[in-house]
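Here's the structure we're looking at; comments come further down.
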Amino acid sequence: QVQLVESGGGLVQAGGSLRLSCAASGRTFSKFAGWFRQAPGKEREFVAAIFWSGGNTYYADSVKGRFTISRDNAKNTVYLQMNSLKPEDTAVYYCAALRGGSIYQSNNYNDWGQGTQVTVSS
């Protein structure tokens, strides 16, 4: 099991930037590390994922070109750099470790952090 702790959320104006961090302890990410988000009244949605050993990255269309996922293998930490933030990016952001299967499906991830709130004001 991987213990995940997110940080870096906060309140930012539209057009601003935030950098989220997710520190892993216990076992490291064995396959993919992913970021998901959940806005009030909405389902949890895929944001980005990174292949832990190879560094391949994948993004939701809604964030492509604005968000960048990266990792530091030595620190067992995954990051989400969020630029050009929009009010519709407001959500609780979670990092997660993939168990297996599609990276786009939240039920394929078996370890989750507690989440960090991101609020973008207009």
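The values are calculated or read from the model by the stated rules, or taken from the named source; none is laboratory data. Bear in mind that the values here come from a model prediction, so they are computed numbers and not experimental data. In case anyone asks, the SASA skips ligands and DNA or RNA and just uses the protein heavy atoms, side chains included. Shrake-Rupley method; radii C 1.70, N 1.55, O 1.52, S 1.80 Å.
Calculate, in nm to one decimal, what residue 39 and residue 66 gain on full extension: separation in residues at 0.36 nm each, minus their alpha carbon distance.
On the way: separation 27, 0.36 × 27 = 9.72 nm, distance 1.85 nm.
Here the segment from residue 39 to residue 66 would lengthen by 7.9 nm.
Contact order, relative form, for the chain: 35 percent (alpha carbon pairs under 8 Å, 6 or more residues apart, mean separation divided by residue count). For segment 63-71, putting each phi into the Karplus relation 6.51 cos²θ - 1.76 cosθ + 1.60 with θ = phi - 60° gives couplings of 10, 4, x, 10, 10, 9, 9, 8, 9 Hz, in residue order, rounded to whole numbers and with x for Gly and Pro.
For the chain, the fraction of C-alpha pairs farther apart than 18 angstrom is 45 percent.
Converting phi to 3J(HN,Hα) with the Karplus coefficients 6.51, -1.76 and 1.60 and the offset θ = phi - 60°, segment 72-79 yields 10, 4, 5, 9, 6, 10, 10, 10 Hz in sequence order, with x at every glycine or proline.
For segment 45-53, the Karplus equation 6.51 cos²θ - 1.76 cosθ + 1.60, evaluated at θ = phi - 60°, returns couplings of 10, 5, 10, 6, 8, 9, 6, 4, 7 Hz by residue, with Gly and Pro reported as x.
How much accessible area per residue does the chain have, in Å², with a 1.4 Å probe?
Working: 5970 Å² over 122 residues.
For the chain, the solvent-accessible area averages 49 Å² per residue.
Take a quick pass over the chain and tell me how many lysine pairs come in under 23 angstrom between Cα atoms, counting only ones 8 or more apart or on separate chains. All intermediate terms of the calculation are to be shown ahead of the outcome.
Numbers: 31/64; 31/75; 42/64; 42/86; 64/86.
For the chain, the number of qualifying lysine pairs is 5.
Leaving out ligands, DNA and RNA, and with a 1.4 Å probe, what % of the accessible surface on the chain is carbon or sulfur? Intermediate results must be reported in sequence, preceding the final value.
Numbers: 2770 of 5970 Å².
Percent of accessible area from carbon and sulfur atoms in the chain: 46.
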